[in-house]
Structure formats: C-alpha cells, structure tokens
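**Student:** Take a look at this one; I'll ask things after.
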Amino acid sequence: MTLFTPLTLPNGTSIPNRIAKAAMEENMADADHAPSDALLRLYDAWAQGGAGLILTGNVMIDARAMTGPGGVVLESDAHLARFRRWAETARAKGAQVWMQLNHPGRQMQAALGQPTVAPSAVALDLGSMSKRFAMPRELTDADIAEVVARFTRSALLAEQSGFTGVQIHAAHGYLLSQFLSPLTNKRQDRWGGSLENRARLLVDVVRSVREAVSPAFAVAVKLNSADFQRGGFGPEDARRVVEWLGPLGVDLVELSGGSYEAPAMQGEARDGRTLAREAYFLEFAREVVAVASMPLMVTGGIRRRAVAEQVLASGIAMAGIATALSLDPQLPNQWRAGQPSEPQLKPIRWKNKTLGSLANMAVVKFQLRRLSTGRSTHPAVSPVRALVLQQLSAACQTRQYRQWIARGLAR
C-alpha cells in the first residue's frame, strides 16, 4: 500500500488516493453566507493539486451559531446553485469531496451578537481573552433534538448539492466535542455523566444522518483523540466512542485533538504532554486502530512524504494535510512525481499561547486569501501583519454578519 493506492470505504465507494486535504476555516462566504467566487477559486486550486479527498472548512448548520464571521451556512435550499458550483469545482479532477458540518456551541465569539449554547453553562477559560466569549446557556431536550435535525437537514442538502459525503465535526471543542468532555458537560440527565451518555448526541446525529442520506453518500466523523486537558476526554474515551460508531455505518473517522483552550491541533498541549512536530496525533491513533471497524485518518502537522507514509505504515488509512496544502496546493502531485516537497511555516513561539494560536491561524488564512485570488502563497509573512489583517477583516465581517442576521430575523 502506498500514498497513491485507492481506498475503498465501507459504503463501497472509492477514494483515489490516501492524501486528504483536511478542513481549514476559510471565512469566505458571500453576502448570503453561501460559497463565494473566492472560495470556489480556492477549491479549484486544491482540486488541481491531486488530493484524493477534499474536506471543506466548517459549514454551519445554524445561521445563529457560527465559528466565525464570514462562514458558510447551509440550513435551507435557498442557495443550492452556489453549493452545486462548489461541489463541481472541487470534484473536477476526481476527488471525493465531503462537506464538514459543525455547530460551535460555546466557542462562538460574543461580538457576533448571538446567544451561545452548550451542554452546560461552563465558560471558556482563555485568560485575559475569556471575555470574548459569552457564558453559554445550557441546552434543553428540545434544543438538542433541533441540533440533531439540523445536522440531518444540512447533510441532505449537501448530498443534493453534489458533495460525495459529509464529515460531522465532533472535535476541537465545538458542540459535539463539548458533550463528550466531562470538563464541559456537567449534566446529570441522559446527556451527561457516563461516557455513554456524553456520546449520546454524537451517536444520535450520526444515526440520523446515516438513515437520511443514500448508502453511497459517505458519513464521516472528526473526533478528538484527546482534549489535552487534565480530566478531559482522553484516548481511552476515544477508543470506546470509535467502537460505538462502528455499527452505525460510519465510513471514516478522522482523529485530531485539542480545543480553543488547548490548541493541540497546532502542536501545543495544555496538560503538560509534548506533541511531535509532525503527525501530532499518530501516537494516539495507534491506540484506536485495533478497535476501529472503519478506516481512520490522522491530521496534524504532516508536511513530508516520509511522515505521511509512516502514518499509513501504522495502520492508518488516510493522511490528512492542512497547513502544508495552504502553502502548496500542488503537494500531492509533486509527491506523486517523486519531488521532495515539504512546505512549512516558521513556528510562532509567543509567550501568550492563545495569541500565538490566533497568529498561526491568521498566517494560514493569509495564504488561503492569496490562493483565492490566484496569487502565490507567502509563507514568510510576518505573523503580526497576518494577525492585524485578520482582525481587521473579522471586524468588518462581524458587522456584516450582524446586519445579515438582523435582516433575516426581520423576515
């Protein structure tokens, strides 16, 4: 088996090779929070690059619950033509293209002006930046049922739009991940307490989506291998959840880790553990392989072909690549041609870890904006410059979002 061996999924469909463009948050929606022309140009670059699987950035299931301003929302069929163009563009060279569906829960900025919800009323702890996030309201049973319905509706709309699958985001501290973690889920009802109860919402969402879409449409899950916070969701929990997902018809599980409070997805752990500089989560994924009945994918820091091959040699089916593909969309084609390309960013080692994490994300988004305009990337951009530009853009998008949601509520 090599990086360019096709992968047959449990649903019988095939991914052309073992390299996946992992999700990155683009924040490139148009005025209707549908895919913009800039977003389509960005995905055209990735389609031409040769990855076998392309995962979109966050697509929100609820316009009132956004991971950030400028995000794409799919909750109705109002703009399906735009979504069809997105799918057609990304699938142009034969890749499978899956839409990542998400709800942020408490990880929604207060500046967006919407109430935040979570399994329990537990605020984010980001030190001096905590005030950027409001105290969430605990979800009711009716709210939880609506979350399940919204994930299902968005998955059906994704299939109608021509995507070949969806990925349900249950990692990185977003809503489904918040239910899984005992640090954020303090409930005493059927949704909290034991791991089985804490995993109930994820299981219900997956079951509902799988029953609603066609058999050939892929249903995947993104799951934390660990929260990287003491007392949080850990590797043994991940093993058990993967076992429970097996009978539900899940076609692939992507293992990642961390949250806004502990941004392990960028190689930093808050619980004292040191993460490898490449393939951050491979060590934890090895613990899950033995119990997984579906293919696994690992994302986090992979930028060299030798490391991607090490991932496959460990029994993992897919190597997910994010930052390196923001720097060079042609990376899969280059590896196929035997070229030793290994794009990377200079590490940002600021004392304030939260600010450093924001700067790292800003540098990546800087590259995505350049690719969306047909320009070459600029890996050496100053993190300060990228962060300032990102903050200015976010402020503008936040104003536009608040105006958009106000018009929507008025209707």
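The values are calculated or read from the model by the stated rules, or taken from the named source; none is laboratory data. This one's a predicted model, so the numbers in the text were calculated from it and none came from an experiment. Don't worry about glycine lacking a Cβ; one is built from the backbone with ideal geometry, like all the others, and counts go over all protein chains shown. Note: areas computed on protein heavy atoms with side chains; ligands, DNA, RNA excluded. Shrake-Rupley method; radii C 1.70, N 1.55, O 1.52, S 1.80 Å.
**Student:** What size of dipole, in debye to the nearest 20, comes out for region 150-212 about its Cα centre when the only charges are +1 on Lys and Arg C-beta atoms and -1 on Asp and Glu C-beta atoms?
**Tutor:** Details: 9 positive and 5 negative charges, 40 e Å.
The dipole of region 150-212 has a size of about 180 debye.
**Student:** Taking H placed 1.01 Å from N in the peptide plane, check which residues at least 5 places from residue 256 or on another chain put their amide H under 5 Å from its amide H.
**Tutor:** Placed amide hydrogens put 223, 224, 225 under 5 Å from residue 256.
**Student:** Using a Gaussian network model of the chain with C-alpha springs under 10 Å, which one of 216, 22, 359 is most mobile by mean-square fluctuation?
**Tutor:** 216
**Student:** Rounded to whole Hz and in sequence order, give me ³J(HN,Hα) for region 335-346 from the Karplus expression 6.51 cos²θ - 1.76 cosθ + 1.60, θ = phi - 60°, writing x for Gly and Pro.
**Tutor:** Each residue of region 335-346 in turn: 5, 4, 7, x, 7, x, 7, 8, x, 8, 9, 5 Hz.
**Student:** So what is the relative contact order of the chain, in percent, for Cα pairs below 8 Å that sit 6 or more residues apart? Can you show the working numbers first?
**Tutor:** Numbers: 887 pairs, mean separation 65.6, N = 411.
Once divided by the residue count of the chain, the mean separation gives 16 percent.
**Student:** In debye, nearest 20: dipole of the chain around its Cα centre with unit charges on the Cβ of K, R (+) and D, E (-)? Show your work: numbers first, answer last.
**Tutor:** Working: 47 positive and 35 negative charges, 230 e Å.
Using Cβ point charges on Lys, Arg, Asp and Glu, the chain gives about 1100 debye.
**Student:** So how strong a dipole does region 311-392 carry about its Cα centre when Lys and Arg Cβ are +1 and Asp and Glu Cβ are -1, to the nearest 20 debye?
**Tutor:** Values: 10 positive and 2 negative charges, 72 e Å.
With Lys and Arg at +1 and Asp and Glu at -1, about 340 debye.
**Student:** Can you give the three extents of the C-alpha atoms in region 1-70 along their principal axes, from longest to shortest, in whole Å?
**Tutor:** For region 1-70, the Cα spread along each principal axis is 43, 25, 16 Å.
**Student:** Right, next: Just the Cα atoms of region 351-411, one point each, no solvent: what log10 I(q)/I(0) does Debye give at q = 0.17, 0.21, 0.30 Å⁻¹?
**Tutor:** With one equal scatterer per Cα and no solvent, log10 I(q)/I(0) is -0.66, -0.83, -1.16.
**Student:** Something else: Between 58, 102, 360, which gets the highest mean-square fluctuation from a Gaussian network model of the chain, Cα cutoff 10 Å?
**Tutor:** 360
**Student:** Just to be sure I understand: of the beta bridges DSSP finds with both ends in the chain, what percent are antiparallel, rounded to 5? Each step should come with its number before you reach the end.
**Tutor:** Values: 4 of 40 bridges.
Taking every DSSP beta bridge with both residues in the chain, the antiparallel ones total about 10 percent.
**Student:** Heavy atoms only, probe 1.4 Å: what % of the accessible area of the chain goes to carbon and sulfur, would you let me know?
**Tutor:** On the way: 8030 of 15810 Å².
The nonpolar share, carbon plus sulfur, comes to 51 percent.
**Student:** If you don't mind, another one. 222 nm [θ] for the chain, helices only, -39500 (n - 2.57) per DSSP H run of 4+, per residue, to 500? Could the numbers behind the result be given before it?
**Tutor:** Working: 13 runs with 154 residues, N = 411.
Using -39500 (n - 2.57) per qualifying helix, the result is -11500 deg cm²/dmol.
**Student:** Of 47, 302, 377, which is farthest along the charge dipole of the chain in the positive direction, counting Lys and Arg as +1 and Asp and Glu as -1 at C-beta?
**Tutor:** 377
**Student:** Moving on to the next point. Rounded to the nearest whole Å², what accessible area per residue is found for region 7-342 with the 1.4 Å probe? Display every interim value, and only then the final one.
**Tutor:** Details: 11260 Å² over 336 residues.
Result: 34 Å² of accessible area for each residue.
**Student:** Taking only Cα atoms and a 10 Å spring cutoff, compute GNM fluctuations for the chain and point out the largest among 196, 211, 26.
**Tutor:** Looking only at 196, 211, 26, the largest GNM fluctuation is found for 211.
**Student:** On to the next question. Let me check I have the definition right: for the chain, take the eigenvalues of the Cα gyration tensor, multiply each by 5, take square roots. What are those semi-axes in whole Å, largest first? Let's see the in-between values first.
**Tutor:** On the way: eigenvalues 146, 123, 106 Å².
In descending order, the three semi-axes are 27, 25, 23 Å.
**Student:** Scanning the chain for helices, which whole DSSP H stretches are 27 Å or more long along the axis (Cα) and average -1.0 or more by Kyte-Doolittle? Don't skip to the answer; put the middle values down first.
**Tutor:** Values: long enough: 141-160 (29 Å, 0.22); 353-372 (28 Å, 0.27); 383-410 (40 Å, -0.06).
Qualifying helices: 141-160, 353-372, 383-410.
**Student:** Considering only protein heavy atoms, what is the solvent-accessible area of residue 8 at a probe of 1.4 Å, reported in Å² to the nearest 10?
**Tutor:** Approximately 90 Å² of residue 8 is accessible to the 1.4 Å probe.
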